[in-house]
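The values are calculated or read from the model by the stated rules, or taken from the named source; none is laboratory data. All values derive from a computational prediction rather than experimental measurement. We place every Cβ from the backbone using ideal geometry, glycine too, and count neighbours over all the protein chains shown.
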């Protein structure tokens, strides 16, 4: 039963202004996940001391990782990563569409890995961080649900998880479009109310999600909101225990 975590780490700068990948790694380690999806990582950026945050956090956790730079300017990069204590292989990393009439919007992307669960089954994991504009998010969701990502033959009909920071609350068009095809892990648990993830100190909005395909069940889901979690980033981490139907 793998445990998966999604976490927007805010370039590892906490609510106290302190820059600390070590603190982010401590938050993740306390949750004991097998697979980790991170958003808003800096790699080689002057604003965060030139550190490779993806590598630093993965090393602290003893995990493998893949990083995708949604934004790259010369030697500086900013983007998303998937870390895993289980064997994984990179399937695809690439950009998501923006809006042609708004070329200055922050570039967005997605990262897709296949994780071997040790019992012969494989879980397809797609990590993303969607845009702030409603039309932009919808275009990005359509791309993720299409044949280049979840609709690809490698992924379609197989156990898959789409997770990350969607910047989309449950009433939004983008969220409802995803929920028409995938299931929200926080809504799969009888008697448990879904919890918001942002902002970390006084969480009001549920914008970080774990969506599951057919063949994947949520056994538990928790938004971790202890003192360290509320300090380390402006988002709270969402952790889900999964059960995967064996592939035949």
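Here is how the numbers come out for the structure above:
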| quantity | calculated |
| --- | --- |
| Yes/no for residue 77 being in a strand (DSSP E or B) and closer than 19 Å to residue 35 by Cβ | no |
| Pick from region 9-20, criterion surrounded by fewer than 24 Cβ atoms within 10 Å (Cβ to Cβ) and in contact (Cβ under 8 Å) with a residue 24 or more places away in the chain, ranking: farthest from residue 64 (Cα to Cα) | 16 |
| Criterion: in contact with a strand residue (DSSP E or B) (Cβ under 8 Å, 6 or more places away or on another chain), surrounded by fewer than 22 Cβ atoms within 10 Å (Cβ to Cβ) and not in a strand (DSSP E or B) - qualifying residue of 99, 86 | 86 |
| Hits in region 56-77 - residues which are at pLDDT 95 or above and in contact with a helix residue (DSSP H, G or I) (Cβ under 8 Å, 6 or more places away or on another chain) | 56, 57, 60, 61, 64, 65, 67 |
| Residue 37 touching a helix residue (DSSP H, G or I) at 6+ places or on another chain (Cβ under 8 Å) and touching a residue at least 60 places away in the same chain (Cβ under 8 Å) | no |
| Residue in region 173-182 that is touching a strand residue (DSSP E or B) at 6+ places or on another chain (Cβ under 9 Å), within 16 Å of residue 82 (Cβ to Cβ) and assigned to a loop (DSSP other than H, G, I, E, B) present | no |
| Boolean, residue 17 is at pLDDT below 95 and not in a helix (DSSP H, G or I) | no |
| Subset of region 147-171 that is closer than 22 Å to residue 233 by Cα and outside any loop (DSSP other than H, G, I, E, B) - its residue that is nearest to the chain's Cα centre (by Cα) | 164 |
| Every residue from region 206-243 that is touching a helix residue (DSSP H, G or I) at 6+ places or on another chain (Cβ under 6 Å) and in a strand (DSSP E or B) | 210, 211, 212, 218, 221, 239, 240 |
| Boolean, residue 178 is buried (at least 17 other Cβ atoms within 10 Å of the Cβ) and free of Cβ contacts under 8 Å to residues at least 40 places away in the same chain | yes |
| Qualifying position, being touching a helix residue (DSSP H, G or I) at 6+ places or on another chain (Cβ under 7 Å) and either under 22 Å from residue 167 (Cβ atoms) or surrounded by fewer than 19 Cβ atoms within 10 Å (Cβ to Cβ) (or both), among 48, 6 | 48 |
| Number of the condition not met by residue 27 [criteria: (1) crowded, with 17+ Cβ neighbours inside 10 Å; (2) out of contact with any helix residue (DSSP H, G or I) (no Cβ under 8 Å at 6 or more places or on another chain); (3) at pLDDT 95 or above; (4) farther than 29 Å from residue 153 by Cβ] | (2) |
| Region 129-146, subset in contact with a strand residue (DSSP E or B) (Cβ under 7 Å, 6 or more places away or on another chain) and not in a helix (DSSP H, G or I), residue surrounded by the most Cβ atoms within 10 Å (Cβ to Cβ) | 129 |
